[in-house]
Each structure stands twice: as C-alpha cells, then as structure tokens.
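Asks: For reference, the structure I am asking about is given below.
The values are calculated or read from the model by the stated rules, or taken from the named source; none is laboratory data. All values derive from a computational prediction rather than experimental measurement. Methodologically, a virtual Cβ is constructed for each residue, glycine included, from the backbone with ideal geometry; neighbour enumeration extends over all protein chains shown.
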Amino acid sequence: MRKITVLYLFVILAVWGHLNAQTDKDFAGCTANIRELLKDPAFAEDFQKFNEYVQRLASNAEEKSLDKRIIPVVFHIIHQGSPVGQNENLSVAQINQVVQTINKVFSKQANNIGTLPQRFDTIAVDSKIEFRLARKDPLGNCTDGIRRVYAPTKTADVYGDVNFKRYSYWDRSKYLNIWIVNNIESPYEASGQGVILGYCLFPGGAPALEDGCTVAAGAALTQAVVAHEIGHHLNLIHMWGDDECGDDQVDDTPIHKGVNFGWANPCGNAIKEATCYDTSWVLAGGDSAIYNFKKRMRFDVGENYQNIMDYVSNYNCPNMFTRGQVQRMRAALDYYQYRRNLWQDQNLLATGVADGLPTCGPAPEAEFWAQKRFVCVGESVSFMDGSFNGTPTSWQWEFPGGTPSSSTQQNPTGITYSAPGVYEVKLTVSNSQGADVRTKQGVVIVGSPGTKVRSFGYSEGFEYGEDFEQGRWSAFTDPADALARWEHTCATSYSGFCALRMRNFFQNNRGQKAYLVSPSYDLNAIQLNTSEQLRLRFRFAYALNQSLPSGANANFMDALRISYSKNCGSSWTPLRTITKGDLVTAGIYPQFYIPEEKVEWYQVDILIPNAAKGPDVRFMFEFTAGLSIGNNLYLDDIEIVGSQQIAAPAFETPDMAVHIQPNPAESFADLVLETIHPVSRLQLELMDLSGRLVAVLQREALAPGTHTLRIEKNPGIPSGLYIVRLNADGQRSVHKLVFK
C-alpha cells in the first residue's frame with residue numbers, strides 16, 4: 001500500500017502592515033507557498049496529474065459548452081456572543097450579500113467590472129458557476145444555510161484549524177463549507193506585521209473534516225476575499241505563482257513579478273506595465289511559434305491586478321477571472337470526486353438548491369449561553385438565546401438547581417443558585433415548523449459561599465483535596481467540553497505532598513482556557529505592620545515538550561494570568577500575566593512532565609494593590625493554551641501574607657487553621673491553632689533540615705477556639721530554617737519556621 005502524506009494545505013490571503021514588503025512566508029505544518037507544497041511527493045503527484053487533466057480539457061475547449069454548475073453552500077458562524085449583525089455574528093442579510101457578491105464576481109458582473117481595460121476585458125469570462133445557500137441540511141431538514149455556534153475562544157486567532165471546525169461541519173462532497181470567524185492571526189508571524197483575511201485548502205490532500213474556506217468577518221463583505229478563497233478551493237494559484245515571476249499554471253493570465261499591494265491605482269483602469277520579461281519567443285520558430293506568441297503576450301500585456309487571485313490594497317477592486325482560470329476551476333469540479341458530487345442533480349435535490357423546488361420553512365435550532373459563567377451562591381445569572389435557522393416563537397428553559405427552575409422568556413434573567421457546584425441548562429425552542437432541544441453541561445459554575453477571615457493571612461498547599469474537589473476552589477474550562485482542566489495531584493509538590501496540575505501535554509488546542517477561582521478572602525482582616533505590604537505568593541513549575549519552532553511568534557505560547565475580583569466574578573482585574581520564557585521553569589521535557597526537583601519550582605511574588613483590598617476578594621488563575629509545544633503546569637503553596645512574613649497558615653480546612661507568628665522569629669514563635677471542634681490530642685515536632693528532632697510539644701483535650709503553642713529558641717537551637725510537623729487527631733500538616 002502506498003503511503004500518502006496528509007498535508008494541512010493552507011492558502012493565505014493577507015494584508016501586511018507594509019504593503020510593499022510582501023514576501024513568501026513558510027509556516028510550521030502549513031504553508032501559503034505552492035512551491036513548498038510541491039516538495040511533498042504525494043501532493044506533487046496529484047498536482048501533476050491534475051495539470052495534465054486540465055491540459056487535455058483545454059485541447060477540447062472549443063467543443064465543450066459551459067453548462068451552469070450550482071454549488072450548495074453552508075456558512076458556519078463561530079461567534080463570541082455578539083448580537084446578530086455585529087462583529088463576527090453576521091446577519092442573514094449580510095450572508096445573503098456575501099453570496100450575491102461572489103455570484104456577481106463569478107459571472108463577470110462585479111459592480112466595477114466596467115472599469116476593466118479592454119486587454120483584460122477580452123480574457124475575463126463568466127464562469128457559469130453559481131453558489132446557493134443550502135435549503136436542506138445533511139439530515140434532510142429545512143435550513144437557511146447558516147449555522148451559528150457560540151464559542152468565544154474558538155473565533156479568535158483561528159489560523160491553523162485550531163479545532164473550531166469540529167463545532168460545525170457538513171459533508172464536503174455535498175456542501176461548500178465556509179467558516180466566518182472573528183480574526184485569523186498566524187502564530188508564525190511577528191505581532192503587528194499583518195492580518196490574515198482568509199485561508200482555504202487546496203483539493204489535493206485536503207483533510208475531509210477541514211475542507212472549506214475560513215474568512216475573517218471583517219473581510220467577508222468585501223468583493224474579492226471570499227471569491228479569492230473559493231478560487232483556492234477550486235485549485236487556483238496566486239497570480240505570481242508564489243514565486244518571483246512564477247507560473248500559476250494558467251496560460252492566459254499575465255505574468256506577475258509578485259503581489260500588487262504597492263500599485264498606486266488599485267481600483268482604476270490604468271495599465272501597470274509588466275515587470276517580468278522573457279525573450280525566448282524571439283528565437284522560437286516552427287511548430288512552437290504560436291505557443292511562444294502566447295507566452296510573449298503573457299509577459300507584454302501588463303499585470304492583471306484586477307484579477308481575483310492577486311493581492312491588492314483594496315479588496316473591493318479585484319473583479320474578474322480569466323478564461324483559463326475558469327477552465328481550471330471547472331476542471332477541479334470534474335477531477336475531484338468530492339468536488340464533482342457538489343453540482344450533480346441528485347445532490348442539488350438533496351441540499352434543496354435545485355431550480356423549481358418549493359420553499360422550505362426551517363425549524364429553529366437551539367443555541368444559548370450564560371452572560372457570565374462564574375457566580376456566587378445567591379447571585380443572579382442571565383441567559384441569552386442564540387438560536388438560529390428558523391425564528392423561534394416559543395422558548396422553554398430548564399435550570400436544574402436554579403430558582404426559578406424554568407422560564408418561557410427568550411432571554412431569562414434573575415436565575416439564582418443556592419448551593420455551590422456546576423450546573424447544566426436545557427433549552428427547547430420551537431416554531432410552526434418544528435422544535436429543537438439542547439442541553440449544555442457546565443454552563444454555570446457557582447462558587448462556595450462564605451468568606452475566610454484570618455488576621456494572619458491565608459494559604460493553600462492543596463495537601464488535602466477537599467477544598468478543590470468540593471468546589472471551594474472552582475475549576476472550569478472554556479469551551480466547557482475541553483478535556484484538560486485544573487486537577488488535584490499528589491504525584492509532586494513543592495512542599496508537603498500534593499499540588500494542582502494543569503494537564504497540558506498534547507491535550508489543549510490553541511486558545512482554550514482553564515480557570516481556577518479561589519474561595520473568598522477578607523483582605524481587610526489581615527493585620528499588617530506599618531511598613532508591610534500585602535502580597536500574593538505562589539509556586540509554579542512548567543516545561544515545554546519541544547523548542548519554539550523557527551519563525552514562531554512567542555506571543556502565542558501558553559500563558560498564565562492572575563486576576564482578582566471584588567464582585568464575585570462579575571468583573572476581573574489582571575494582576576500579572578506570565579508567558580513565553582518567563583513561564584518555563586524546567587526547560588524542554590518531551591515526556592509527560594512531573595517536576596522532580598525543587599529547583600524546577602519558581603516563586604511568584606505579587607504586590608496586592610490597595611484597590612484590590614476588601615472584605616470579599618477572589619483570585620483567578622487563568623491558563624490559556626498556545627502553540628502545541630507546552631507541557632504540564634503545576635501550582636502549589638498559594639498564600640496571601642504581609643511582605644515581611646515568609647508563610648501564611650500552611651494548613652487550613654473548613655474546621656481548622658494553623659499559623660506560626662512571628663516568622664521569621666527572634667527568640668520564640670507561637671503556633672496558633674483555630675478550631676471549631678474539640679481536639680483530643682495535639683502534637684508538635686520541630687526538626688532541622690537534616691531531619692533531627694529538636695523539640696516536641698503536646699497538648700490534650702483542647703476545646704473549640706484559639707490555642708497557642710510557644711516554640712522557644714533555646715540555646716540548643718541555632719539560627720536557620722526548621723520544619724514544624726503538626727498532628728491534630730490525625731490531621732497532619734507541615735510548616736516552615738525561621739529562627740534569626
């Protein structure tokens with residue numbers, strides 16, 4: 001069996017910051033350069049066979065009529081919750097405008113087609129290819145050909161098919177898939193150099209589940225961008241052949257030196273003289289004279305910047321395809337089986353776009369989201385209906401665990417939850433044509449009630465998983481069905497035995513987010529000396545699974561952002577973002593990363609500004625996945641303390657808290673125990689770093705309340721770092737103590 005290499009063949013339409021500085025760019029895993037694609041033997045073989053097929057068709061071109069071919073189209077709008085008609089969430093009228101525009105371009109009826117110079121007007125033709133919005137979905141249900149998916153992390157920076165297409169895709173042999181997204185920024189370009197307007201896959205080697213065109217919403221309404229990408233979908237190459245004075249494999253297109261961003265008259269009928277010259281036609285004779293005359297004309301006629309397959313500075317200007325380009329596109333609709341099936345009569349009937357079919361009224365499809373996902377007990381949540389296809393006339397919401405538990409409003413408000421947890425929501429929408437039901441998991445995350453009040457600060461070493469597993473620390477992801485999220489692990493730690501892990505070893509797609517939200521803290525309760533400032537400290541460990549690829553933009557690496565909220569997550573204020581080289585503590589680790597040495601853990605020390613202080617403050621650790629070169633991330637020893645303290649309580653449960661003060665200490669330190677239940681036996685052991693037992697203190701029959709055990713620095717205890725081990729009725733904890 002011959003091995004076939006599957007390439008991710010992306011063809012990029014970009015507007016660069018310096019319009020006259022466009023150069024060929026190579027991208028890891030995908031490329032815009034046909035010359036680079038041809039280095040793959042499987043693609044090169046297919047490309048050569050297709051070109052030979054086109055040449056055979058061209059020899060019989062005069063005998064072959066241009067029958068009209070209709071292509072069913074579906075638009076998948078990946079949006080972030082914008083109202084319909086705003087940002088990337090294009091309206092039905094706007095999508096209809098896109099379809100109307102590309103049909104005008106493909107039929108030589110573009111709005112500015114009258115500005116073509118005669119030399120190009122004579123080679124511009126009607127392709128007899130028409131695009132129609134699908135009227136039947138893959139299951140035979142009525143549709144308007146437009147799907148809307150709420151996926152806020154999947155509509156931004158979507159270069160490289162970062163898993164957004166799995167949220168909405170229809171069979172490529174029946175529909176032309178077009179995805180509308182917020183923006184497409186390449187991680188393999190320096191930030192600010194350019195904005196990618198769209199990309200599409202060549203038919204040869206295109207993975208089935210990714211085949212189609214992706215277009216940034218801001219460019220979709222221009223005259224040329226969507227048509228340009230469809231050109232690539234039908235095997236057209238850029239005018240300059242992705243090389244200086246290159247060959248686009250079309251005989252009647254003028255030779256271009258390169259892109260025409262810098263041309264001063266992008267919309268006019270002025271002639272741009274050719275910048276590539278070839279004199280081989282002068283020496284030609286005999287049977288090759290006619291061919292070389294054509295070759296001469298391709299060089300001498302000037303550059304056809306009005307062509308859809310050029311790059312210009314105004315994408316409302318290109319307006320034409322040549323006869324040869326049309327032959328090549330129609331050949332692609334014959335040569336590739338999954339392109340050929342698109343325009344067959346049986347498929348036009350199945351997709352509802354054949355002439356003469358009756359009007360098909362679609363039933364609505366349910367889509368919705370919460371206006372905010374994290375709330376506190378008793379705080380209200382509002383929900384937004386984003387249903388599409390047919391217009392709903394009724395809505396039935398179900399909120400298990402919520403109050404009220406149901407609603408018939410289109411956009412319900414005031415839904416509250418009385419207990420912490422993760423909640424699903426169900427929506428049923430209907431109209432006269434039918435109904436649809438959708439249930440989403442993890443729509444609302446309700447944080448734990450109550451605020452921790454400690455005069456000496458707060459800490460969390462995750463030694464016991466209850467706080468994390470029972471929801472006092474809330475962990476969730478976006479999208480909600482992402483595999484990787486914050487998890488409790490005792491496979492490693494900086495101190496003690498356990499920590500938290502962001503599982504990131506080839507389990508996250510770029511743009512995915514995982515959130516970790518702390519319990520509520522009363523920062524006003526922490527007692528500080530006049531010279532002290534409040535600090536947030538924590539340890540983290542992180543490795544890469546491979547080095548940053550050559551040419552990759554480090555701004556697209558994994559990132560950890562720390563924020564705070566004083567209004568229970570209604571808004572978050574960033575404190576610090578750690579990314580790029582600052583996040584890497586352990587270099588490159590190609591296997592599943594687990595830190596083994598303390599040197600792999602870095603400490604972060606963040607000043608908590610006065611604006612962040614208050615009686616009800618939560619902190620969020622937000623992980624954003626970048627390029628797939630990252631490995632696991634670990635967190636441990638989170639503490640909120642005064643700047644002169646080395647540690648807050650290293651042990652805390654809902655029933656008990658332990659603190660050592662002062663720390664560092666001069667002649668003594670007090671271990672303060674706060675408990676709401678009796679303790680029958682308490683034992684404290686003081687050890688030096690060699691493990692030698694220095695002192696033992698015991699107490700029995702402790703009543704609920706606050707208790708103090710004084711640790712004296714007697715003559716046998718030199719200055720330095722010590723370990724304090726505490727056992728309270730079997731609840732064990734480990735602490736650090738420094739004697740000056």
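Asks: Being at pLDDT 90 or above, in contact with a Phe, Trp or Tyr (Cβ under 6 Å, 6 or more places away or on another chain) and either assigned by TED's automatic domain parsing to the domain that holds Ala224 or polar (S, T, N, Q) (or both) narrows it down to one of Ile71, Ile77, so name that one.
Replies: On inspection, the qualifying residue turns out to be Ile71.
Asks: Sticking with this structure for a sec: Would you pick out the residues in the range 687-713 that are part of a strand (DSSP E or B) and within 50 Å of the chain's Cα centre (by Cα)?
Replies: Correct list: Met687, Gly705, Thr706.
Asks: Is it fair to say Ser382 is farther than 30 Å from Trp170 by Cα, free of Cβ contacts under 8 Å to residues at least 24 places away in the same chain and not acidic (Asp, Glu)?
Replies: No; evaluated as a whole, the condition is false for this residue.
Residues checked against (1) among the polar types (S, T, N, Q); (2) farther than 23 Å from Gln97 by Cβ; (3) in the same structural domain as Asn555 (by TED's automatic domain parsing); (4) outside any loop (DSSP other than H, G, I, E, B):
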| position | (1), (2), (3), (4) |
| --- | --- |
| Arg148 | no, no, no, yes |
| Pro152 | no, yes, no, no |
| Thr155 | yes, no, no, no |
| Tyr159 | no, yes, no, no |
| Val162 | no, yes, no, no |
| Lys174 | no, yes, no, no |
| Ile180 | no, no, no, yes |
| Tyr188 | no, yes, no, no |
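Asks: Name the residues in the range 135-146 that are part of a loop (DSSP other than H, G, I, E, B) and surrounded by fewer than 19 Cβ atoms within 10 Å (Cβ to Cβ), would you?
Replies: Hits for the range 135-146 are Pro138, Leu139, Gly140, Asn141.
Asks: Quick test of your reading of the structure: Pro362 fulfils all but one of (1) touching a residue at least 60 places away in the same chain (Cβ under 8 Å); (2) buried (at least 19 other Cβ atoms within 10 Å of the Cβ); (3) in a strand (DSSP E or B). Name the failing condition by number.
Replies: Evaluating Pro362 over (1) touching a residue at least 60 places away in the same chain (Cβ under 8 Å); (2) buried (at least 19 other Cβ atoms within 10 Å of the Cβ); (3) in a strand (DSSP E or B) leaves (3) as the failure.
Asks: Here are Val215, Val250: which of them is in a strand (DSSP E or B) and aliphatic (A, V, I, L, M)?
Replies: Numbers: Val250 fails: in a strand (DSSP E or B).
Just one listed residue meets the conditions, Val215.
Asks: Inspect the range 723-738 for any residue being buried (at least 17 other Cβ atoms within 10 Å of the Cβ) and not in a strand (DSSP E or B) and give the result as yes or no.
Replies: Within the range 723-738 (the criterion being buried (at least 17 other Cβ atoms within 10 Å of the Cβ) and not in a strand (DSSP E or B)), the answer is no, since none of the residues qualifies.
Asks: Now for a separate question. May I ask you to verify whether Val599 is over 30 Å from the mean Cα position of the chain (by Cα), buried (at least 22 other Cβ atoms within 10 Å of the Cβ) and under 20 Å from Phe540 (Cα atoms)?
Replies: Taking the combined requirement at face value, the residue does not satisfy it.
Asks: Let me ask something else about it. Here are the criteria: (1) closer than 21 Å to Ala208 by Cβ; (2) of a type outside the set (Phe, Trp, Tyr); (3) under 17 Å from the mean Cα position of the chain (by Cα). Tell me which single one Asp171 does not satisfy.
Replies: Only one criterion in (1) closer than 21 Å to Ala208 by Cβ; (2) of a type outside the set (Phe, Trp, Tyr); (3) under 17 Å from the mean Cα position of the chain (by Cα) is unmet by Asp171, namely (3).
Matching residues to (1) farther than 30 Å from Thr706 by Cβ; (2) out of contact with any Asp or Glu (no Cβ under 7 Å at 6 or more places or on another chain); (3) at pLDDT below 95:
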{"residue": "Gly390", "(1), (2), (3)": "yes, yes, yes"}
{"residue": "Pro400", "(1), (2), (3)": "yes, no, no"}
{"residue": "Tyr417", "(1), (2), (3)": "yes, yes, no"}
{"residue": "Val429", "(1), (2), (3)": "yes, no, no"}
{"residue": "Tyr458", "(1), (2), (3)": "no, no, yes"}
{"residue": "Phe462", "(1), (2), (3)": "no, no, yes"}
{"residue": "Trp473", "(1), (2), (3)": "no, no, yes"}
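Asks: Name the one entry in Thr155, Thr143 that is modelled with pLDDT of 95 or more and not hydrophobic (A, V, I, L, M, F, W, C).
Replies: Values: Thr155 fails: modelled with pLDDT of 95 or more.
The unique qualifying residue is Thr143.
Asks: Can you work out which of the residues in the range 82-134 that are touching a strand residue (DSSP E or B) at 6+ places or on another chain (Cβ under 9 Å), in a helix (DSSP H, G or I) and of a type in the set (S, T, N, Q) is nearest to Met309 (Cα to Cα)?
Replies: This residue is Asn103.
Asks: Regarding Lys566, is this residue of a type in the set (D, E, K, R) and more than 30 Å from Ala552 (Cβ to Cβ)?
Replies: For Lys566, the condition - of a type in the set (D, E, K, R) and more than 30 Å from Ala552 (Cβ to Cβ) - is met.
Asks: Moving on to the next point. More than 26 Å from Val437 (Cβ to Cβ), of a type in the set (Lys, Arg), in contact (Cβ under 8 Å) with a residue 12 or more places away in the chain and in the same structural domain as Leu176 (by TED's automatic domain parsing): is that true of Arg340 in this structure?
Replies: no
Asks: Pull up the range 444-496, narrow it to residues that are under 16 Å from Val517 (Cβ atoms) and β-branched (Val, Ile, Thr), then point me to the one that is nearest to the chain's Cα centre (by Cα).
Replies: Top of the filtered list is Thr477.
Asks: I need the strands (runs of 3 or more DSSP E) fully contained in the range 513-568, keeping only those with at least 1 residues that are at pLDDT below 90 and of a type in the set (A, V, I, L, M, F, W, C).
Replies: Details: elements: 513-517, 534-544, 559-565.
Strands (runs of 3 or more DSSP E) meeting the threshold: none at all.
Asks: Tally time: how many residues in the range 569-582 are part of a loop (DSSP other than H, G, I, E, B) and either among the hydroxyl-bearing types (Ser, Thr, Tyr) or modelled with pLDDT under 95 (or both)?
Replies: Going through the range 569-582 one residue at a time, the tally reaches 3.
Asks: Gly356 versus (1) free of Cβ contacts under 8 Å to residues at least 60 places away in the same chain; (2) in a helix (DSSP H, G or I): which is the lone unmet condition?
Replies: Of the numbered conditions (1) free of Cβ contacts under 8 Å to residues at least 60 places away in the same chain; (2) in a helix (DSSP H, G or I), the odd one out for Gly356 is (2).
Asks: Quick check: anything in the range 463-474 under 26 Å from Gln507 (Cα atoms) and part of a strand (DSSP E or B)?
Replies: Looking for residues that are under 26 Å from Gln507 (Cα atoms) and part of a strand (DSSP E or B), one finds at least one in the range 463-474, hence yes.
Asks: With the structure loaded, tell me whether Trp179 is among the aromatic types (Phe, Trp, Tyr) and in contact with a Lys or Arg (Cβ under 8 Å, 6 or more places away or on another chain) or whether it fails that test.
Replies: Yes.
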